[in-house]
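The structure appears below as structure tokens.
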Amino acid sequence: MDDKESLRVGAAVKRRRRALQLTLAVVASRSGLSVPFLSQVENERARPSTRSLQLVAEALDTTAGELLAAAEAARTVDIVRSHEAPGDLPPGVRTVVRGRHQLHALEFTGEQDAGREFLHRNDELLYVADGAAEVEAEGRAYRLERGDTLYLSGGVRHRWRATEPGTRLLVVAVAEHIEATDA
């Protein structure tokens, strides 16, 4: 296993562990490896040996090969050109990240007013590339102008609308299929 593969496998290990709803302590107990070492592997600060990776894989009810394949699949370089419109979205809305990843990003152009309140379980970031927008969150109104960013933690009810013609708002969020936690 080369250095790049072994370093990149950490994210695959973490995804698998979280999908199984296991703590690091449980995986450590099942594998015979220490919690600090497993944490370092998941955060890509340590490289597991082939044997350690096999032990982790067994603890996660998978194989080392499957973890490596998941790590390989996680290495993605993809450009979405400004004139492309991947996905089936309404006019003035385009995805800026193609596929199913850990983050979800959309660009809204023009006088968008969704007219509805949003509530996401994961974190979200709103960035005004051009124009201005108004965001209502937790009972307060915030005016955002070009270059401003608003962060919303998961569970914050909010709505937004563009307040100037030609507004471009970028919304980046932790994807809904990901369970974002502090652990």
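The values are calculated or read from the model by the stated rules, or taken from the named source; none is laboratory data. Fair warning: this is a prediction, and the values are worked out from it, not measured in the lab. Neighbour counts are summed over all protein chains in view; Cβ atoms, including those assigned to glycine, are modelled from backbone coordinates with ideal geometry. To get the accessible areas, we keep the full protein, side chains included, count just its heavy atoms, and leave off ligands, DNA and RNA. Shrake-Rupley method; radii C 1.70, N 1.55, O 1.52, S 1.80 Å.
Here are a few things to note about the model shown:
- Number of residues in segment 147-157 that are in contact (Cβ under 8 Å) with a residue 24 or more places away in the chain and surrounded by fewer than 14 Cβ atoms within 10 Å (Cβ to Cβ) equals 5.
- Every condition in (1) open to solvent by 60 Å² or more (accessible area, probe 1.4 Å); (2) out of contact with any Leu (no Cβ under 9 Å at 6 or more places or on another chain); (3) modelled with pLDDT of 90 or more holds for residue 37 except the one numbered (1).
- Pairs where the first residue, in segment 114-140, is within 13 Å of residue 160 (Cβ to Cβ) and touching a residue at least 40 places away in the same chain (Cβ under 8 Å) and the second is assigned to a loop (DSSP other than H, G, I, E, B) and open to solvent by 50 Å² or more (accessible area, probe 1.4 Å), C-beta under 8 Å, 6+ apart: 117/157; 118/157; 120/176; 127/148; 128/146; 128/148
- Hey, residue 72 in a helix (DSSP H, G or I), closer than 26 Å to residue 172 by Cβ and at pLDDT below 80 or not: yes
- Number of positions in segment 149-182 that are among the hydroxyl-bearing types (Ser, Thr, Tyr), modelled with pLDDT of 80 or more and under 29 Å from residue 16 (Cβ atoms): 2
- Yes/no for residue 144 being of a type outside the set (Asp, Glu) and either surrounded by 16 or more Cβ atoms within 10 Å (Cβ to Cβ) or not in a strand (DSSP E or B) (or both): yes
- Cross-chain or 6+ apart pairs with Cβ under 8 Å, segment 96-111 first and β-branched (Val, Ile, Thr), then open to solvent by 60 Å² or more (accessible area, probe 1.4 Å) and modelled with pLDDT of 80 or more: 109/168
- From 6, 82, 29, residue being modelled with pLDDT of 75 or more, more than 30 Å from residue 135 (Cα to Cα) and out of contact with any Leu (no Cβ under 7 Å at 6 or more places or on another chain): 29
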